Amino acid sequence: MSVDRCVHDLIQEQARATPNAVAIVSGNKKISYGELDDRANQLAHLLRSSGVGPNVPVALHMQRSIDLAVGALGILKARGAYVPLDPSYPAIEFPCSCRIQGLRWWSLNLAWPQNS
């Protein structure tokens, strides 16, 4: 495998090769490579239409989950910079601290239909 490839490109390649294969299992939920790539693409389009692009940091404040993976991949596909925020830190503090650090987005709340 080439080391100069981006993770979101590798996921997309795997989604094309084996779209129905399980990509992530989180608790009793799972998602296929095809669905993971589709959701990440939808989010990337939304982010790009909102001004996210190269060198634009986008923060995620959420527990480890399928949605976290979708969010991170979507940010990367939009060419933004994924900034993980500790989910144990009080969310009420994030708007202020993110303004200080210059983050454009301070949180994403992803709600997807429960197909899995």
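The values are calculated or read from the model by the stated rules, or taken from the named source; none is laboratory data. Just so it is clear, the model here is predicted, and its values are computed rather than measured. With ideal geometry, Cβ positions are generated from the backbone for all residues, glycine too; neighbour counts draw on all protein chains shown.
Let's see how each residue does on (1) out of contact with any Ser or Thr (no Cβ under 8 Å at 6 or more places or on another chain); (2) surrounded by fewer than 19 Cβ atoms within 10 Å (Cβ to Cβ); (3) under 22 Å from residue 85 (Cβ atoms):
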site	(1), (2), (3)
13	yes, yes, no
21	no, yes, no
28	yes, yes, no
38	yes, yes, no
41	yes, yes, no
52	yes, no, yes
55	yes, yes, yes
59	no, no, yes
66	no, no, yes
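Give region 1-16 a look and list any residue that's touching a residue at least 12 places away in the same chain (Cβ under 8 Å) and over 13 Å from residue 36 (Cβ atoms), or say none.
Listed by number, the list holds a single entry, 6.
Residue 70 - would you say it is outside any loop (DSSP other than H, G, I, E, B) and in contact with a helix residue (DSSP H, G or I) (Cβ under 7 Å, 6 or more places away or on another chain)?
Criteria met by residue 70.
Which condition breaks for residue 25 when tested against (1) free of Cβ contacts under 8 Å to residues at least 40 places away in the same chain; (2) assigned to a helix (DSSP H, G or I)?
The failed condition is (2).
Here's the yes/no breakdown for (1) among the aliphatic types (A, V, I, L, M); (2) under 16 Å from residue 8 (Cβ atoms); (3) part of a loop (DSSP other than H, G, I, E, B); (4) modelled with pLDDT under 90:
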position: 35; (1), (2), (3), (4): no, yes, no, no
position: 40; (1), (2), (3), (4): yes, yes, no, no
position: 44; (1), (2), (3), (4): yes, yes, no, no
position: 59; (1), (2), (3), (4): yes, no, no, yes
position: 79; (1), (2), (3), (4): no, yes, yes, no
position: 97; (1), (2), (3), (4): no, no, no, yes
position: 100; (1), (2), (3), (4): yes, no, no, yes
position: 107; (1), (2), (3), (4): no, no, yes, yes
position: 111; (1), (2), (3), (4): yes, no, yes, yes
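Just the residues that are modelled with pLDDT of 95 or more and either of a type outside the set (A, V, I, L, M, F, W, C) or touching a His at 6+ places or on another chain (Cβ under 7 Å) (or both), please, taken from region 15-29.
16, 18, 19, 20
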